[in-house]
Amino acid sequence: MNNNFRLQLALLAAPMAVALLTSDSFIHDSLTQVLMWGVLALAWNILGGYARQISVGHVAFFGIGAYTSTLLRIGFDVSPWLGMIAGGLLAALAGVLLGLVTFRLRGPFFTMATIAFAEVLRILAVNLRGLTKGSEGLTLDSTPNVAMFVFGSLRTYVFVAWAMMVGLFLLSWMLGRSKTGLRLLAFREDETAAQSLGINTYRLRLFAMGLSAFFTAVGGTFYAQFLLFIDPDSVFGVDISLQMALIAVVGGIGSAIGPIIGTYLVVPFGQVLRAELGAQLAGLHLVVYGLGLILVLWKMPDGVWPALERLIARLSRRNATTVPKPGTVA
Amino acid sequence: MGLSPAMADLLIASLLLGGLYVTVSIGLSLVFGVMRVMNFAHGEFVMLAMYAVYWVYEAVGIDPYVAGLVVVPAIFIICFTVLRPFVLWLVNSPPLVQVFATLGLSIALQNLALLLWAGNFRSIQTSYSNTLVDLATMRVPLTRLVAFTVAFLLVIGLHLFMKYSFFGKAVRATAQNRRTARLMGINVERIYILVFALGTSIAGLAGVLLMPIYSVHPGIGFQLALIAFVVVVLGGLGSLPGAVLGGLLIGFVEVCSGYFISPSMKQIVYFAVFIIVLVTRPAGLLGQRGAEEVGLK
Amino acid sequence: MQMRMRSSALAASVAMLAALSTAASAEDWKIGALFPLSGGLSVLGTEALAGSEIAVDMVNEKGGVNGQKVVLIKADATSPANATNEARRLVTREGVKFLTGTYGSSISLAIAAVGNQFKVPYWEGAAVSDELTQRGYGYVFRLNDNATAMAAGLVQAVDEIFAPKLGKEMKALKIAIIHEDSAFGTSIAKDFEAQIKEKGVALAALEPYAANTQDLSPLVLRLKELNPDVLVATQYFNDAVLLWRQARNASYKPKYFVAIGAGQSTPDYRKGVGEDAEGVLIADVPSAGVKADALVPEAAELQKEFIKRYKEKMGKDPASHSTRHFSAMHVLLTKVLPKAGSFDPDKIKAAVMALDEPIGSTILGFGIKFAPEGQNSRSFNVILQWQKGELVTVWPQRFATAAPIMVPLPDWAAK
């Protein structure tokens, strides 16, 4: 994962460069969404990539984050910066509880349980109208106020989202190289073998769930502060769970940069398709999207980043003109 | 306003709804149980069959059940031929790829339907659409009884077939351990194709049975698929009777919680029941213990 | 020889330019139109857009606005996130200075927020959320009925049609309302409850449910048990059909039933429940037509023309959201833009606020008088009814084309 270091740096820096070079509001909006999804995909990756527990219910944590910070803001004037932490902790707690409850479940059983969990929360959000105003949603004050996580300039949102994404990238990267990361690697390769090595897989799994949930919720708060309106469909919808995971899978779940590549590819792809085809023939852009997804998975089943690495390796081998010294590898 | 009539009503409503859920889930149970593939596009095949039956009826006026005699085998053949490479690729892919590839298929098919036929809800009115059969205090639509009966018979037939026929045994062997099955001389690839085709055409059959009862629209597949997944996992991996039990249970829980608690909370209750069952019996109601820990071997 | 080649080259390039200029030219009126064209609301969004498009066509045929063509720049918006993104794209990339739309409350709120950010006016055609005009945005305008007006229509039906027939005051009635649990149903039900509370009436039951359910039998059984005097419903299409079918199966027929015009007022509903639609009362805009002399002559003519064109374009009768969008767009193009002269937001606002037309001036029977926050105060719902397979306006008498029948509704007819 420290291969192609410079390439990774460039990829990380790219959105900032674009944001600084342009004042176009649409670009900033699109960038913000790309970066936000990057945060979500990275968060999902901690559980789905590092621990290989496929959750299709992560939107539960997203929604917990969004509603927690929003309700604290509306009801108690608590700054969403703090609300974000509160939401994250609440989500982490929920994640750990879910992990406890589902600890014996593997594979599709676990996945289904996560879907069920997220749906329960969504329906609760719709029905606990006294708390959440149900489907009518909650609106946040749009007066610019940095302390209250509302920015007058879209570019600032890009900065913040970018900082979050880079921060989470670094955390993922360090996690991957840490002892816990190695334990997770052992766990996902062969759980029984890992256990026999003395790894407490039970605690490991809970840790991954809690951490993953925390950052997903952070993404949820960001979303709430960006759109300044949340309702059960937009923050508890199953399509968000799917998109989060999809981005990580397309980008490559084995690494920290994978989800980032994923979001750079998937989100603009969807946006461009919608912009070009959306108004013409209803649904066509999504047909293309669905087929595109299959195509990517077919050609690059472990994701774009590994495929990119392989390509770079192949190219650099071909470019090698010097004869390697005896005893060294080209 | 005594409780007894209401209880009978509830029971009947539960059975009918549960029967519907069972119908939609059988095919998935087969595919999931044997191939361990979570086919997110399962519901789309139900949807496509519904549209096929609908258009045949609109165009030439052929009764949906009769049209089904053509539509279901057609789906079987399509799966067997056109989708063959897709299925084989899917089976040999890691679970993540399976989930998202079938998801991609689901999105593509849903929106293809939207593109071709718009999002309108379409329903059929046949001569017997409104025929009611008296059962206790409820008047049950004939179409629902037919769906229930056919689904029930199908499950019995399928179960016996899987248990006693040679093909069935080959399928079960493959489901248990495909490497060993191959060593026994079973053509594993062919089994997978056949199972997928069978499971998907059963989904098509579900569509045929549903069309006289419900309206079809591009999004109906996804809604049904979610319930089907809950039912199948609840019932237990690879267990057809489990799928029946799961379907009926979900139907019962849904109707009763809708009545006694609130129609808006009924889904929460069945999801909660689902999670609770999984926690206590991780392999599902009738699943093999240990199956939840084992991937595709 | 060279001359001929040059002139034919010239002719060819002129022809090409002419072909290319089906795209908007710099002087055209470019209006953004954001609708859900894919996803769950696609049918409603497409039908709503059709209404807008017909208005644009009709105005362009007559020479456009102040001599300039009107062009709709369309976009697919199905969620707050992509509505925001697409609205920003239209404003910053396509140079759109005026936004219209849509269907779906959360989508309309998102578009309005973007409009507010750029000081671009937003002209809402059908989304009903009260909140749209309560956020303090300066340039949001809604010609048509909002949730409050719709709820008022329901109250009117109960108070003026049902209560007299039941021989009781509304206060003495057991009223139950069922609603699908999206923003649409929830906001109308909430407003209904609040409005009858002002009249001293308490609801006997408020039952939300998820619109995408495959089964309403628990709800039907609960209603049968409760046996309210009056049943009010806010439903979408599929659940409206499901309710009626499953009520029949359970032998439950609400005698005094009125629904909000969404599920029950589409032609597909009639197809879905057949004869059972007869007598169903609906609070909606009078898209079915009103008494000829209830409208000013231009409006009556316009209505006939619109229905004719819609039938040609879509092959069926217009749904009420299509008519709403047609009316809104037509008023915009014929009464607002010509006066404003440009898309300048303050000029637009001045032109809008200056409008003062009595009830009966637009094809839906609305008058025009915008309150300061942007909502037309002269919009309202009338009561429609399915009679002999057609929707007719039955209340208030000023607009009615027929008298209400089947009040109370008879038991389920034998089939």
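Some points to look at:
- Hits in segment C:243-260 (condition: within 8 Å of another protein chain (Cβ to nearest Cβ) and among the aliphatic types (A, V, I, L, M)): C:Ala250
- Residue within segment C:334-357 that is crowded, with 20+ Cβ neighbours inside 10 Å, under 16 Å from the mean Cα position of the chain (by Cα) and β-branched (Val, Ile, Thr) present: no
- Checked across segment A:72-86, the condition of being within 11 Å of another protein chain (Cβ to nearest Cβ) and among the aromatic types (Phe, Trp, Tyr) holds for no residue.
- Conditions (1) under 28 Å from B:Ala225 (Cα atoms); (2) within 25 Å of the chain's Cα centre (by Cα); (3) hydroxyl-bearing (Ser, Thr, Tyr): number failed by C:Ser187: (1)
- B:Arg172, sole failed condition from (1) in a helix (DSSP H, G or I); (2) in contact with a helix residue (DSSP H, G or I) (Cβ under 6 Å, 6 or more places away or on another chain): (2)
- Out of C:Gly95, C:Gly101, C:Gly125, C:Gly115, sole residue that is surrounded by fewer than 21 Cβ atoms within 10 Å (Cβ to Cβ) and touching a residue at least 24 places away in the same chain (Cβ under 8 Å): C:Gly95
- Qualifying residue in segment C:81-90 (condition: open to solvent by 30 Å² or more (accessible area, probe 1.4 Å), touching a residue at least 12 places away in the same chain (Cβ under 8 Å) and either more than 9 Å from chain A (Cβ to nearest Cβ) or within 19 Å of the chain's Cα centre (by Cα) (or both)): no
- Search result, residues across segment C:245-286 that are farther than 16 Å from C:Val392 by Cα, open to solvent by 20 Å² or more (accessible area, probe 1.4 Å) and assigned to a loop (DSSP other than H, G, I, E, B): C:Ser251, C:Lys253, C:Lys255
- Of the residues screened, B:Val232 is one that is open to solvent by less than 10 Å² (accessible area, probe 1.4 Å) and closer than 27 Å to B:Arg84 by Cβ.
- Among the residues listed as A:Leu98, A:Leu72, A:Leu124, A:Leu128, the single one being within 23 Å of the chain's Cα centre (by Cα) and open to solvent by 10 Å² or more (accessible area, probe 1.4 Å): A:Leu98
- Helices (runs of 4 or more DSSP H) lying entirely in segment B:192-297 (those with 3 or more residues that are within 14 Å of chain C (Cβ to nearest Cβ) and touching a residue at least 24 places away in the same chain (Cβ under 8 Å)): B:220-235, B:240-260
- Answer residue from segment A:233-257, given it is assigned to a helix (DSSP H, G or I), within 9 Å of another protein chain (Cβ to nearest Cβ) and not hydrophobic (A, V, I, L, M, F, W, C) and is nearest to A:Leu185 (Cα to Cα) among those: A:Asp239
- Residue selected from segment C:359-393 under the condition open to solvent by 30 Å² or more (accessible area, probe 1.4 Å) and out of contact with any strand residue (DSSP E or B) (no Cβ under 9 Å at 6 or more places or on another chain), by the criterion nearest to C:Ile188 (Cα to Cα): C:Phe380
For (1) modelled with pLDDT under 90; (2) within 22 Å of A:Leu72 (Cα to Cα); (3) within 14 Å of chain B (Cβ to nearest Cβ); (4) part of a loop (DSSP other than H, G, I, E, B), each residue gets a yes or a no:
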position: A:Phe109; (1), (2), (3), (4): yes, no, yes, no
position: A:Ile115; (1), (2), (3), (4): no, no, yes, no
position: A:Leu124; (1), (2), (3), (4): no, yes, yes, no
position: A:Ser135; (1), (2), (3), (4): no, yes, yes, no
position: A:Ser142; (1), (2), (3), (4): yes, yes, no, yes
position: A:Ala147; (1), (2), (3), (4): no, yes, no, no
position: A:Thr156; (1), (2), (3), (4): no, no, no, no
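- Residue match in segment C:133-140 (condition: modelled with pLDDT of 95 or more and buried (at least 24 other Cβ atoms within 10 Å of the Cβ)): yes
- With respect to being over 30 Å from A:Ala282 (Cα atoms), hydrophobic (A, V, I, L, M, F, W, C) and away from chain A (no Cβ under 14 Å), B:Val66 fits the description.
- Segment A:102-121: number of residues that are closer than 16 Å to B:Gly33 by Cα, open to solvent by 10 Å² or more (accessible area, probe 1.4 Å) and either in contact (Cβ under 8 Å) with a residue 40 or more places away in the chain or touching a Leu at 6+ places or on another chain (Cβ under 9 Å) (or both): 2
- Output for segment C:312-333, where each listed residue is surrounded by fewer than 24 Cβ atoms within 10 Å (Cβ to Cβ) and not basic (Lys, Arg): C:Glu312, C:Met314, C:Gly315, C:Asp317, C:His330, C:Leu333
- Among the residues examined, C:Leu216 does not qualify as open to solvent by 10 Å² or more (accessible area, probe 1.4 Å), within 11 Å of chain B (Cβ to nearest Cβ) and modelled with pLDDT of 90 or more.
- Residue pairs whose Cβ atoms lie under 7 Å apart, separated by 6 or more positions or on different chains, with the first residue in segment C:244-256 and of a type in the set (A, V, I, L, M) and the second in a helix (DSSP H, G or I) and surrounded by fewer than 22 Cβ atoms within 10 Å (Cβ to Cβ), are C:Ala250/C:Lys224.
- Which numbered condition C:Asp159 misses (of (1) surrounded by fewer than 22 Cβ atoms within 10 Å (Cβ to Cβ); (2) at pLDDT 95 or above): (2)
- Residue count for segment A:16-62 under the criterion of being within 14 Å of chain C (Cβ to nearest Cβ) and either of a type outside the set (S, T, N, Q) or open to solvent by 10 Å² or more (accessible area, probe 1.4 Å) (or both): the result is 18.
- Matching residues in segment C:125-139 - criterion: being more than 10 Å from chain A (Cβ to nearest Cβ) and not in a loop (DSSP other than H, G, I, E, B): C:Leu132, C:Thr133
- Residues that are open to solvent by 20 Å² or more (accessible area, probe 1.4 Å) and part of a loop (DSSP other than H, G, I, E, B) were ranked within segment B:40-88; the one that is nearest to A:Ile294 (Cα to Cα) is B:Leu83.
- Residue match in segment B:131-138 (condition: open to solvent by 20 Å² or more (accessible area, probe 1.4 Å), among the acidic types (Asp, Glu) and away from every other protein chain (no Cβ under 14 Å)): no
The values are calculated or read from the model by the stated rules, or taken from the named source; none is laboratory data. Quick caveat, the model's predicted, so the values are computed rather than measured. Quick reminder, even Gly has a Cβ in these numbers, built from the backbone with ideal geometry, and neighbours come from all protein chains shown. Only protein heavy atoms, including side chains, enter the accessible area calculation; ligands, DNA and RNA are left aside. Shrake-Rupley method; radii C 1.70, N 1.55, O 1.52, S 1.80 Å.
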